[in-house]
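Below: one structure, written as C-alpha cells.
Every number in this text was worked out from the coordinates using simple rules, so none of it is lab data. Given the structure is predicted, the values throughout are model-derived calculations rather than measurements. So basically every Cβ, Gly included, is an ideal-geometry build from the backbone, and we count neighbours across all protein chains shown.
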Amino acid sequence: MPKLKVIICLVNFLIAALMGLALRYGSLDSLGINYRYLTHAHSHVAMLGWVYLMLYTFLVHHFVPNKKPIYSRLFWITEFAVLGMMLSFPFQGYAVVSISFSTLHIFCSYYIIYLVWKHHKTESTVTHYLLRTSLLFMLLSTIGVWCLGPAVSLLGQASAFYQIAIQFFLHFQFNGWFLIAVIAIFFHVLQLKDSKQFRLFFVLLVISTVLTLALPISWFAPHIALYWINGLGVFIQLLTLIVFLRLIKPYQLFLLKNNAKLTIYMYVFAISSLIIKIGIQLLSLIPEVSEVAYQHRNLIIGFIHLLMLGVITGFLFGFILQNKWVTFNAWLNFGIYTFVLGFALTELFLILQGSMFYFNKGMLPNYYLFLFLSSVFLPLGIGSIIINILKTKTDG
C-alpha cells in the first residue's frame with residue numbers, strides 16, 4: 001500500500017486537530033470566523049478525511065488482492081471531496097458548495113461499498129462477516145443524511161425529525177461502520193479463527209449496535225420504551241465486550257511475539273478506551289445521568305472523542321505501527337505518547353467540568369485555558385508521527 005495515502009490521511013487528521021485547537025481558542029478569544037461553521041469542518045474532516053479514508057486504505061490493503069486502478073482513483077476523488085468540505089464548511093456551513101462535496105463523498109462511498117463487497121477476498125469467515133457488516137452499516141447510516149433535506153423543508157432544523165436523522169447517521173457511522181471495520185482489521189491481524197464464541201460475539205455486536213440507537217433518539221422523542229430498548233442494548237453490549245476479551249485472550253502471546261512494544265501499547269490503549277466507553281454507556285441506564293449528559297455538551301464531546309480518538313484512532317495507530325512506514329525511535333515514541341497525553345488531559349478536563357455541572361459546582365477555574373493547552377498536544381503528536389513516516393525510507 002503506498003505510504004503516500006497513509007500520509008494524506010494523517011495530514012487530514014492533523015488539519016482536523018488544528019481546527020479543534022482553533023475551536024478551543026475560540027472559547028478564550030474571538031476567532032474572527034463562525035464557530036459553528038468551523039465545528040462542521042472539524043467534524044467532517046476528522047470523520048471522513050481521517051477515519052473513513054484510513055479505513056478504506058486498510059480494507060483495500062488487507063482484503064482486495066487485485067488492486068485495480070479504480071481503487072486509487074476513488075481514494076483521490078474522495079480526498080478531493082474532503083478538501084472541498086475542508087475549505088467550504090468554515091466559511092458557509094451547510095450551503096450549496098459544502099453540501100455538493102458532501103454528496104460527492106456519499107456517492108463515492110456507495111461505489112466503494114460495491115467494489116469492496118464484490119472484490120474482497122478472505123479465507124477467514126471472521127473477517128468476511130465483520131467486513132461486510134461494517135459496509136452495510138456504512139450504507140445504512142446514509143439514510144440519516146438523505147432525511148435531512150425533507151426534515152428541514154417540512155419541519156425545520158429544530159425539529160425532532162431533523163435531530164434524529166443526524167443521530168441516526170452518527171450512531172451507525174461511529175458504532176457500526178467505523179468500530180466494526182477496525183475490529184475486522186484487528187481480528188485479521190490476530191488471525192482469529194472462526195468459532196462458536198466468535199459467532200456469539202458477532203450476533204451480540206450487531207444487536208447491541210442497533211438497539212443502542214434508542215438513547216440518542218430518546219433525547220428528542222422521549223418514550224419509556226426507548227429507555228428499556230437502550231437498557232437491553234447496553235446490557236448486550238456488555239456481554240459483547242466480555243466475549244470480545246475472551247476471544248482475544250489466547251492471542252496475547254502472538255501479539256507480544258510479533259510486534260514492537262509501542263504497537264502493543266497502542267492496542268492496549270484502544271481496548272482500554274473501548275472498556276471505558278462501554279462502562280460510560282452503562283451509566284446511561286441511570287435516567288438522571290443520561291439527561292445531564294445530553295444537557296451538558298462537555299460530556300457528549302468527551303464521549304465522542306473517547307470513541308474517535310481513543311478506540312478507533314488507537315486501533316488505526318496500532319495498524320500503522322505494524323507496517324514498515326515508521327521507524328521505531330525516540331521521535332516516534334514522542335509522537336505517540338504526546339498524542340495519548342493530549343487525549344487523556346482533554347478527556348480529564350471535559351469529564352471533570354461535566355461532573356462539576358452535574359453537582360452544581362459551577363466552572364472549573366481556567367477551564368478553557370487548560371483545555372486549550374491540553375489540546376496542543378494532539379496536533380503536536382500527529383505532526384511528529386507524520387515526520388517519522390516521511391523520514392522512513394521503506395514504503396510498506
Burial ranking of peptide ranges 167-180, 352-365 (average Cβ count within 10 Å, highest at the top): 167-180, 352-365
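Compute the relative contact order of region 242-396 as a whole-number percentage, counting only Cα pairs closer than 8 Å that sit 6 or more residues apart in sequence. List each step's numbers first, then the result.
Details: 139 pairs, mean separation 41.8, N = 155.
Computed over region 242-396, the figure is 27 percent.
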Cα gyration tensor shape of region 251-396, rounded if a/c is under 1.5, else prolate or oblate by comparing a/b with b/c: oblate
Simple spin-label estimate for Ala160 and Met363 in nanometres, 7 Å along Cα-Cβ: 3.4
Exposure proxy order (Cβ contacts within 10 Å, fewest to most) of Lys257, Lys68: Lys257, Lys68
Computed E for Ile286/Leu200 - FRET, C-beta separation, R0 35 angstrom, nearest 0.05: 0.80
Ranked Thr346, Thr39, criterion: other C-beta atoms within 10 Å, fewest first: Thr39, Thr346
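Expressed in nm to one decimal, what extension gain is obtained for the pair Phe91 and Leu390 from 0.36 nm per residue of sequence separation less their Cα-Cα distance?
Values: separation 299, 0.36 × 299 = 107.64 nm, distance 3.16 nm.
So the chain would gain 104.5 nm between Phe91 and Leu390.
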(i) 19.2; (ii) 24.3; (iii) 21.3, with the label sought being that of the calculated mean projected area of the Cα convex hull in nm²: (i)
Cleavage-rule hits (trypsin sites (Lys or Arg not before Pro)) in region 103-137: DSSP loop, at most 14 neighbouring Cβ within 10 angstrom: Lys121
Alpha-carbon centroid distance for the pair region 319-396 / region 82-101, whole angstrom: 27
Nitroxide proxy distance, nm - points 7 Å out along Cα→Cβ at Ile351 and Lys118: 4.6
Order of Phe372, Phe107 under a 10 Å beta carbon neighbour criterion, fewest first: Phe107, Phe372
Approximate spin-label separation Ser100-Ile242, in nm, with each point projected 7 Å along Cα-to-Cβ: 5.4
Hz values of 3J(HN,Hα) by residue in region 200-217 - Karplus curve (6.51, -1.76, 1.60), Gly and Pro given as x: 5, 4, 4, 4, 4, 4, 5, 5, 5, 4, 6, 5, 6, 4, 4, 5, x, 5
Other-chain or far-sequence residues with amide H under 5 Å of Gly93's (modelled H): none
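I need to check one value: relative contact order of the chain, counting alpha carbon pairs closer than 8 Å and at least 6 residues apart, in percent. Please list the in-between numbers first.
Working: 471 pairs, mean separation 67.4, N = 396.
For the chain, the relative contact order is 17 percent.
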Relative contact order [Cα under 8 Å, 6+ residues apart], region 124-258, whole percent: 26
